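The values are calculated or read from the model by the stated rules, or taken from the named source; none is laboratory data. Bear in mind that the values here come from a model prediction, so they are computed numbers and not experimental data. Cβ placement follows ideal geometry from the backbone for every residue including glycine, while neighbour counts extend to all protein chains displayed. Heads up: the accessible areas ignore ligands, DNA and RNA and are worked out on the full protein's heavy atoms, side chains in. Shrake-Rupley method; radii C 1.70, N 1.55, O 1.52, S 1.80 Å.
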Amino acid sequence: VAARPACSAASKAAMSSSLLDIEAERELNPQDLSFQDFGKSASGVDSGHGNGGIGNSMLKPQQMASVMPDDGEGRPAASGGFWTLKYYQPLFDVDTLQVLTRLKASLLPRPRGVFFDLISTTPDLYGPFWIATTLIFSMAITGNLASFFAFKPTEANPKWTYNFNQLTLAGSVVYSYVTVLPLLLWLLLRYYEAGKRLVDILCIYGYTLGIFVPISVLCVLPSDILRWLLVLVGGGISGVFLLSNFHAHFSDCFPYGESEAKRKMYILLGGMCFFHVLLLFLFKLYFFHYQ
């Protein structure tokens with residue numbers, strides 16, 4: 001009788017051991033294993049950043065639809081109000097290669113609105129903002145530098161002084177050109193029922209000024225003929241880039257008869273050309289002209 005508890009304890013130990021073996025076999029059974037994929041997204045790195053990405057991800061058409069929809073259509077609900085930074089994040093979420101490709105397209109313009117096709121799904125404001133800001137500081141710095149090289153002391157003006165007004169004037173002119181003019185053009189297109197997204201117009205106007213950044217540096221050279229030549233060449237290239245893209249868009253989207261469409265198209269193109277030529281004269285007379 002005394003041996004029964006020992007036998008019972010031994011049997012319980014054997015049963016416990018067999019249960020552990022069964023559990024161990026279940027844990028090691030490949031059919032019961034579940035795997036998780038810890039890819040690049042888990043480490044916070046995506047393929048766009050490996051190539052010099054700017055932002056969190058590549059801009060997708062679905063994201064773009066919630067930021068700036070086509071004119072005349074209902075606006076889908078955005079993830080945040082327009083007063084939040086999250087609302088504008090997709091417009092600055094571009095890859096470095098995209099910015100360089102668009103800048104190259106503005107320096108080497110092509111016919112038939114190729115640039116609008118290039119930015120149709122991923123327009124950005126990152127490139128236009130930094131192009132305009134770089135141009136402002138470049139014109140202010142190189143303008144004062146050229147003025148310093150050309151300065152000759154006189155009794156009335158024996159010492160050269162830095163002209164801070166150039167920075168303020170450059171900022172007013174450039175930022176007005178890349179914001180006010182696109183906004184006015186967008187309003188006119190809405191009035192004429194020739195829809196174009198505001199972000200597309202802001203984008204192309206910003207990249208239009210890209211060629212003037214190297215020109216502002218070259219205008220330090222003390223030759224007025226060279227400065228005129230550089231301004232005219234830059235104005236011609238940027239003007240062809242701007243007008244050719246809008247000409248292609250106007251030709252395709254005006255909902256009028258042929259004669260009416262041409263009349264309104266040439267009115268808009270004429271106004272754009274006028275303000276572009278005015279910008280060139282402001283550049284030459286106020287920033288690239290030194291006594």
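Just the accessible area per residue of the range 167-273, please: how many Å² with a 1.4 Å probe? Don't skip to the end; give the middle numbers.
Details: 4720 Å² over 107 residues.
On a per-residue basis, the range 167-273 sits at 44 Å².
Of the accessible area of the range 83-225, with the probe set at 1.4 angstrom, what percent is carbon plus sulfur?
On the way: 5330 of 7620 Å².
Roughly 70 percent of what the probe reaches on the range 83-225 is carbon or sulfur.
Using 0.36 nm per residue of separation minus the Cα-Cα distance, give me the extension gain between Trp130 and Leu97 in nm, one decimal. Working shown, then result.
Working: separation 33, 0.36 × 33 = 11.88 nm, distance 1.51 nm.
Between Trp130 and Leu97, full extension yields an extra 10.4 nm.
Report the calculated FRET efficiency for Lys152 and Thr121 (r = Cβ-Cβ distance, R0 = 45 Å), to the nearest 0.05. Intermediate results must be reported in sequence, preceding the final value.
Numbers: r = 55 Å, r/R0 = 1.23.
Plugging the Cβ-Cβ distance into 1/(1 + (r/R0)^6) gives 0.25.
Can you bin the range 144-255 into rounded, prolate or oblate? Criterion: square roots of the alpha carbon gyration tensor eigenvalues sorted a ≥ b ≥ c, rounded for a/c under 1.5, prolate for a/b above b/c, oblate for the rest. List each step's numbers first, then the result.
Working: a/c = 4.22, a/b = 2.32, b/c = 1.82.
The shape class here is prolate.
Along Cα→Cβ, 7 Å out, is where each label goes; now give me the distance between the ones at Val180 and Leu282 in nm to one decimal.
If labels sit at Val180 and Leu282, their model points lie 0.7 nm apart.
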